[in-house]
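See structure below.
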Amino acid sequence: MYLCKDTNSMLNEVVTVILGPAACFKIQYWGVDPCLFDNQPHKHSFFEVCYIIGGEGEYTEEGVIYPLRAGTHFCSRPGITHQIRTKNGLFIVFVAFELDETQSEDTMREAFSDLAEHAEVCMYDADHHPTALLWKSLLIREGHGSLPAAAIPSLAYALLVSFLTLFGKDNRKPFVHRKNTNMLLQRAKLYIRDNLSQPLHLGHVAGYLNVSERHLSRLFSEGIHETYTDFIRGERIRQAAHLLLTSVLSIKEIAEVTGFSSVHYFSRTFMEEKKLPPGKFRKQEQN
């Protein structure tokens, strides 16, 4: 069961202005009404978006009647006369808002301007649309409480931006996956740094990332202009230097945890990179 009064109070206190990465919204009001009845024909100078959780009725906009039932989302655009009618009441949640164009990016201004002109009025059977799931995440449930107050503005921002996909005629395009080479490289570097004590063969890390050895090697040479092997050696030395200065581990132990096969190999590689043997480096830097 939803706690409608508590949710209504929480939203109207916590979320009055929403500043996100690309847009800023001024909230006129939030509404959570478990039994809304008829209202008179009226219009707003801002958007009002509603979601029907339960009940039946009809929504009229400029003479066109749209049936309302559970799972329906509808968008009242600025300057458009509209009305809700219902015999038995509607369980409805709604938000009235406008875009602060002075603090929003051009793409958002254009998108909401287009929504004001060309939005689909009603979307049916959308209980599983991301917009519905965002709405339900904002509602306080009896016995379950709500999200922390600090999380509410971000969730509300996501809700408002989701209206562009739900009601926008040109925004419901499927996501086209493009392999992000930067992300793959970042994942490879993180894996290496977190597993320096392991052998870290090229094939093993490539398998972890589900790419070919050739592709992984190319990620390093083209992404950071460094070979895969040189990157690992540099990371081992970097971590070894850190441990020499911040821990009481012996040189043998540091060689083991940073993935060197022997103390001799560790000392020789460290000397090549730092121009000092590990013991002297530790002593000199700590003095």
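Residue 113 - would you say it is open to solvent by less than 10 Å² (accessible area, probe 1.4 Å) and without any contact (Cβ under 8 Å) to a residue 40 or more places away in the chain?
On the way: open to solvent by less than 10 Å² (accessible area, probe 1.4 Å): no; without any contact (Cβ under 8 Å) to a residue 40 or more places away in the chain: yes.
For residue 113, the condition - open to solvent by less than 10 Å² (accessible area, probe 1.4 Å) and without any contact (Cβ under 8 Å) to a residue 40 or more places away in the chain - is not met.
Does residue 168 count as open to solvent by less than 100 Å² (accessible area, probe 1.4 Å), among the small types (Gly, Ala, Ser) and modelled with pLDDT of 90 or more? Considered against the rule, which asks whether it is open to solvent by less than 100 Å² (accessible area, probe 1.4 Å), among the small types (Gly, Ala, Ser) and modelled with pLDDT of 90 or more, residue 168 comes out as no.
Considering every residue within the range 76-87, establish whether at least one is under 23 Å from residue 165 (Cβ atoms) and either aromatic (Phe, Trp, Tyr) or within 24 Å of the chain's Cα centre (by Cα) (or both). There is no residue in the range 76-87 that is under 23 Å from residue 165 (Cβ atoms) and either aromatic (Phe, Trp, Tyr) or within 24 Å of the chain's Cα centre (by Cα) (or both). Within this structure, residue 79 passes the test of being touching a residue at least 24 places away in the same chain (Cβ under 8 Å) and open to solvent by 40 Å² or more (accessible area, probe 1.4 Å). When residue 19 is tested against (1) touching an Asp or Glu at 6+ places or on another chain (Cβ under 9 Å); (2) open to solvent by less than 30 Å² (accessible area, probe 1.4 Å), exactly one condition is not met: (2). Looking only at the range 230-261, residues that are within 30 Å of residue 215 (Cα to Cα) and either in a helix (DSSP H, G or I) or open to solvent by less than 60 Å² (accessible area, probe 1.4 Å) (or both) come to 17 in all. The single condition from (1) modelled with pLDDT under 95; (2) charged (D, E, K, R); (3) over 27 Å from residue 149 (Cα atoms) that residue 58 fails is (1).
Of the residues making up the range 191-205, those that are over 12 Å from residue 231 (Cα atoms) and either basic (Lys, Arg) or open to solvent by 80 Å² or more (accessible area, probe 1.4 Å) (or both) number 5.
As a summary of the residue check, residue 58 satisfies the conditions (1) farther than 20 Å from residue 142 by Cβ; (2) among the acidic types (Asp, Glu); (3) touching a residue at least 40 places away in the same chain (Cβ under 8 Å) except for the one numbered (3).
Quick check on residue 125: is it at pLDDT 90 or above, open to solvent by 80 Å² or more (accessible area, probe 1.4 Å) and outside any helix (DSSP H, G or I)? Answer is yes for this residue.
If you go through the range 134-150 and keep only what is open to solvent by 40 Å² or more (accessible area, probe 1.4 Å) and assigned to a helix (DSSP H, G or I), you end up with 136, 137, 149, 150.
Please tell me if residue 101 is in contact with a helix residue (DSSP H, G or I) (Cβ under 9 Å, 6 or more places away or on another chain), charged (D, E, K, R) and open to solvent by 10 Å² or more (accessible area, probe 1.4 Å). Yes.
Scanning the range 6-43 for residues that are closer than 24 Å to residue 88 by Cα and either in a strand (DSSP E or B) or out of contact with any Pro (no Cβ under 9 Å at 6 or more places or on another chain) (or both) yields a count of 16.
Of all the numbered requirements in (1) at pLDDT 95 or above; (2) among the hydrophobic types (A, V, I, L, M, F, W, C); (3) surrounded by 19 or more Cβ atoms within 10 Å (Cβ to Cβ), residue 119 misses one, and that requirement is (1). Scanning the range 180-229 for residues that are β-branched (Val, Ile, Thr), closer than 20 Å to residue 260 by Cβ and not in a helix (DSSP H, G or I) yields a count of 1. Applying the set (1) more than 20 Å from residue 264 (Cα to Cα); (2) open to solvent by 80 Å² or more (accessible area, probe 1.4 Å); (3) not polar (S, T, N, Q) to residue 220 leaves exactly one unmet item: (2).
The values are calculated or read from the model by the stated rules, or taken from the named source; none is laboratory data. These figures come from a predicted structure and were not determined experimentally. Backbone-built Cβ (ideal geometry, glycine too); neighbour counts: all protein chains shown. These area figures cover heavy atoms from the full protein model, side chains too; ligands, DNA and RNA do not enter into them. Shrake-Rupley method; radii C 1.70, N 1.55, O 1.52, S 1.80 Å.
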